[in-house]
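The values are calculated or read from the model by the stated rules, or taken from the named source; none is laboratory data. Keep in mind the model is a prediction, meaning the values are calculated, not measured. Cβ sites come from the backbone with ideal geometry, for glycine too, and all protein chains shown count toward neighbours. Calculation scope for accessible area: heavy atoms of the full protein, side chains included, ligands and nucleic acids excluded. Shrake-Rupley method; radii C 1.70, N 1.55, O 1.52, S 1.80 Å.
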Amino acid sequence: MDTHSPHPRVGGSGPGPVLAAVERLEQSSLPDPLIGVVRRAVRAVPLGPVRDVLHGRPLGHPAHPLLVQVPIGTWLSAAALDLLPGQRRAAQVLVGAGLAAAVPAAVSGWVDWAELPPEQARTGIVHALANSAGVLLYAGSFLARTRGRVWRGKALAMAGLAAVGAAGALGGHLAYRQAAGANHAEQVAHLVGEGWHRMGPLSGFPVGRAVRAGVNGVDVVVVREDGGPVRVLADRCSHMAGPLSEGEVVDGCVRCPWHGSLFRLSDGWNVEGPATAPQPAFETRVVDGYLEARMRRSHERRSSAR
């Protein structure tokens, strides 16, 4: 008798113990006092325009996932060489190279972390602490190797690799389950659809102030300039979906009220981070006294920015 059903059971067993533990961490307020102190310290560092570089704004996506590949790759390679005879020097060099590469990776990670909402910040602080433990273990490994204590160095490196691996699993949870660093406005073009969409009478939009409206069911921010065009961007910030319609309009831009990302009203370009992706922008026209808008495609945005 075939006991296997071709149809999956409804319900299932729920999250496993690891996922359940991470979900409990997300909802626990215990780390919040520490998070508040560290967040203020990170934001207080006078990085200037370097902060946007560390966020990854010039790349168009977060820099941290790219930077962490170097220490992880070197430490994995060192672990492989530790299993082979006659590779002590090479393994030591790789451990040292990983420690050097971990510095910019950690700095970019902390800069990104300081702008996360509570649930993500709680996961992120444990991710960072696990990575810090890994770095300390690798520093001990490097020191032990320079003193000729090769087996101690290997043992510390393996422990460091385990800590970094656990941190990486939490980083994956942050990126793919909690969507930290993802573009929170990417779906707008798919939802709005092609063509022009009527928004309402032009007289209903005040001059010089950001207001929320809708384009085919998608929230947008509308800024009617005095004697000039009407600017329309997607309302939800690409960084963390903050409401731009509640933000400040300044010098032809709108600033997100949540984390301070600055977007150019004319084309949605992200002038300042932490947002790494531009804001979806719309063309506008007035027909018979009614404001209409249609999605501006990425190539049109690039053309207007030049």
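Do we find a residue being among the hydrophobic types (A, V, I, L, M, F, W, C) and over 24 Å from H55 (Cα atoms) anywhere in the stretch 258-281?
No, there is no match, as no residue in the stretch 258-281 is among the hydrophobic types (A, V, I, L, M, F, W, C) and over 24 Å from H55 (Cα atoms).
Does the stretch 172-182 include one or more residues that are open to solvent by less than 60 Å² (accessible area, probe 1.4 Å), among the small types (G, A, S), touching a helix residue (DSSP H, G or I) at 6+ places or on another chain (Cβ under 9 Å) and farther than 30 Å from Q69 by Cα?
Looking for residues that are open to solvent by less than 60 Å² (accessible area, probe 1.4 Å), among the small types (G, A, S), touching a helix residue (DSSP H, G or I) at 6+ places or on another chain (Cβ under 9 Å) and farther than 30 Å from Q69 by Cα, one finds none in the stretch 172-182, hence no.
Pull out all pairs, ordered by first then second residue, where Cβ-Cβ is under 8 Å, the residues are six or more apart or on different chains, the first lies in the stretch 38-65 and is under 19 Å from W269 (Cα atoms), and the second is of a type in the set (S, T, Y) and assigned to a loop (DSSP other than H, G, I, E, B).
Close Cβ pairs (under 8 Å, with a partner that is of a type in the set (S, T, Y) and assigned to a loop (DSSP other than H, G, I, E, B)) amount to H55/T276; G56/T276; R57/T276; L59/T276; G60/T276; H61/T276; P62/T276.
Considering only the stretch 40-57, state which residues are surrounded by 11 or more Cβ atoms within 10 Å (Cβ to Cβ), out of contact with any helix residue (DSSP H, G or I) (no Cβ under 7 Å at 6 or more places or on another chain) and assigned to a helix (DSSP H, G or I).
Correct list: A41, R43, V50, D52, V53.
Among (1) open to solvent by less than 40 Å² (accessible area, probe 1.4 Å); (2) small (G, A, S); (3) in a loop (DSSP other than H, G, I, E, B), where does A213 come up short?
Going through (1) open to solvent by less than 40 Å² (accessible area, probe 1.4 Å); (2) small (G, A, S); (3) in a loop (DSSP other than H, G, I, E, B) one by one, A213 breaks only (3).
Which is crowded, with 22+ Cβ neighbours inside 10 Å, within 26 Å of G181 (Cα to Cα), of a type in the set (S, T, Y) and within 22 Å of the chain's Cα centre (by Cα), of S245, S261?
None of the other options fit; the residue is S261.
Mind checking whether some residue in the stretch 68-87 is out of contact with any strand residue (DSSP E or B) (no Cβ under 9 Å at 6 or more places or on another chain), modelled with pLDDT under 95, surrounded by fewer than 20 Cβ atoms within 10 Å (Cβ to Cβ) and at positive phi?
yes
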